[in-house]
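**Q** Before anything else, here's the structure in question.
The values are calculated or read from the model by the stated rules, or taken from the named source; none is laboratory data. Because the structure is a prediction, the values reported are computed rather than measured. Every residue, glycine as well, gets a Cβ built from its backbone with ideal geometry; the counts of neighbours run over all protein chains shown.
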């Protein structure tokens, strides 16, 4: 007897609409993620378009809401910097203009404080030794988190001033 995996299952447009509505209700999604899921469900392009239009009309799929939610989540919970957030949103095919519009979700003071907190945390892990080698480690860590070099230098300088 031949067994079918979930990927082999075929869906009607109505079943796919319901499934995708649940998918979008669980967590905000972008068009790219929905399109990818519909392709995995092996929906034909015409059905994909019909389902996406339905999801948008019913409020399940909203690119701006997704972008704002993504920015808040990655910054406030994962402590990502703007560069990493932008890079990841670009991978999800979010237009640059929309990303720029939604970046106001990150308050400038919160952004600075987050960078400063990460510098202090990393310095603590490095036994509070602010030598050249450890500064490079901190810079590298914060670049990886997506923070801008000028902000990293500013936070390191503030830390140096507070230590003296």
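**Q** Considering only residues of segment 137-164 that are surrounded by 17 or more Cβ atoms within 10 Å (Cβ to Cβ) and not in a helix (DSSP H, G or I), which is nearest to the chain's Cα centre (by Cα)?
**A** Selected residue: 146.
**Q** If I filter segment 54-66 for residues that are touching a residue at least 40 places away in the same chain (Cβ under 8 Å), within 21 Å of the chain's Cα centre (by Cα) and part of a helix (DSSP H, G or I), do I get at least one hit?
**A** The answer is no, given that none of the residues of segment 54-66 is touching a residue at least 40 places away in the same chain (Cβ under 8 Å), within 21 Å of the chain's Cα centre (by Cα) and part of a helix (DSSP H, G or I).
**Q** Now a separate question. Is there a residue in segment 97-105 that is surrounded by 12 or more Cβ atoms within 10 Å (Cβ to Cβ), farther than 24 Å from residue 146 by Cα and free of Cβ contacts under 8 Å to residues at least 40 places away in the same chain?
**A** No: zero hits.
**Q** Where residues in segment 22-44 are outside any helix (DSSP H, G or I) and touching a residue at least 12 places away in the same chain (Cβ under 8 Å), which of them is surrounded by the most Cβ atoms within 10 Å (Cβ to Cβ)?
**A** Per the stated criteria, the residue is 29.
**Q** Any idea which of (1) in the same structural domain as residue 21 (by TED's automatic domain parsing); (2) surrounded by fewer than 18 Cβ atoms within 10 Å (Cβ to Cβ); (3) part of a loop (DSSP other than H, G, I, E, B) is the one residue 47 doesn't satisfy?
**A** The single condition residue 47 does not satisfy is (3).
**Q** One residue is enough: does segment 61-71 have a residue meeting the conditions under 22 Å from residue 152 (Cβ atoms) and in contact with a helix residue (DSSP H, G or I) (Cβ under 9 Å, 6 or more places away or on another chain)?
**A** Yes; the residues of segment 61-71 include at least one that is under 22 Å from residue 152 (Cβ atoms) and in contact with a helix residue (DSSP H, G or I) (Cβ under 9 Å, 6 or more places away or on another chain).
**Q** If only one of 130, 116 is in contact (Cβ under 8 Å) with a residue 12 or more places away in the chain, part of a helix (DSSP H, G or I) and either exposed (fewer than 13 other Cβ atoms within 10 Å of the Cβ) or touching a helix residue (DSSP H, G or I) at 6+ places or on another chain (Cβ under 8 Å) (or both), which one is it?
**A** 116
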